[in-house]
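Comments concern the structure below.
The values are calculated or read from the model by the stated rules, or taken from the named source; none is laboratory data. Remember, predicted model here, so these are calculated numbers, not experimental data. So basically every Cβ, Gly included, is an ideal-geometry build from the backbone, and we count neighbours across all protein chains shown. These area figures cover heavy atoms from the full protein model, side chains too; ligands, DNA and RNA do not enter into them. Shrake-Rupley method; radii C 1.70, N 1.55, O 1.52, S 1.80 Å.
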Amino acid sequence: MSDAEHHQRNRKHIFCINSEPDFLNLLRELLMHEMYNVTTTNFVPETYEVIETLQPELIILDLVAGQKSGWDLLERLAQEASTNAS
């Protein structure tokens, strides 16, 4: 493993979920500049499974009043043992 690969593996991982691609791109650039590994996505049916697999240290989630998908994902993250931070 190269030094660059080792350094990248030791970075904290942030998972960002938002319906606005421009906002996701901005978040990705800012967070990568601060030396985080960053994964971004829109709300898609397999979002929970990706989070469960990646086990990021932080999730930035777009919660919009009247839109159920973000709230449903947050509830599932809290309920499942593999993603509950408690």
Item to complete: Find all pairs meeting these conditions: Cβ atoms under 8 angstrom apart; at least six residues apart or on different chains; first residue within the stretch 32-52 and closer than 16 Å to His13 by Cβ and in contact (Cβ under 8 Å) with a residue 12 or more places away in the chain; second residue open to solvent by less than 40 Å² (accessible area, probe 1.4 Å) and among the small types (Gly, Ala, Ser).
Response: none
Practice prompt. Pairs only if they're at least six apart or on different chains, beta carbon under 9 angstrom, first in the stretch 60-74 and more than 16 Å from Glu49 (Cα to Cα), second surrounded by fewer than 17 Cβ atoms within 10 Å (Cβ to Cβ) and at pLDDT 90 or above; list them, first residue then second.
Written response: Asp62/Glu20; Asp62/Phe23
Worksheet item: Considering the stretch 18-42 alone, what residues qualify as being within 20 Å of Leu77 (Cβ to Cβ) and either buried (at least 16 other Cβ atoms within 10 Å of the Cβ) or under 11 Å from the mean Cα position of the chain (by Cα) (or both)?
Response: Asn18, Leu24, Leu27, Leu31, Tyr36, Asn37, Val38, Thr39, Thr40, Thr41, Asn42
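Can you go through Ile51, Ile59 and tell me which one is modelled with pLDDT of 85 or more, surrounded by 13 or more Cβ atoms within 10 Å (Cβ to Cβ) and farther than 21 Å from Asp22 by Cα?
Working: Ile59 fails: farther than 21 Å from Asp22 by Cα.
None of the others qualify; the one that does is Ile51.
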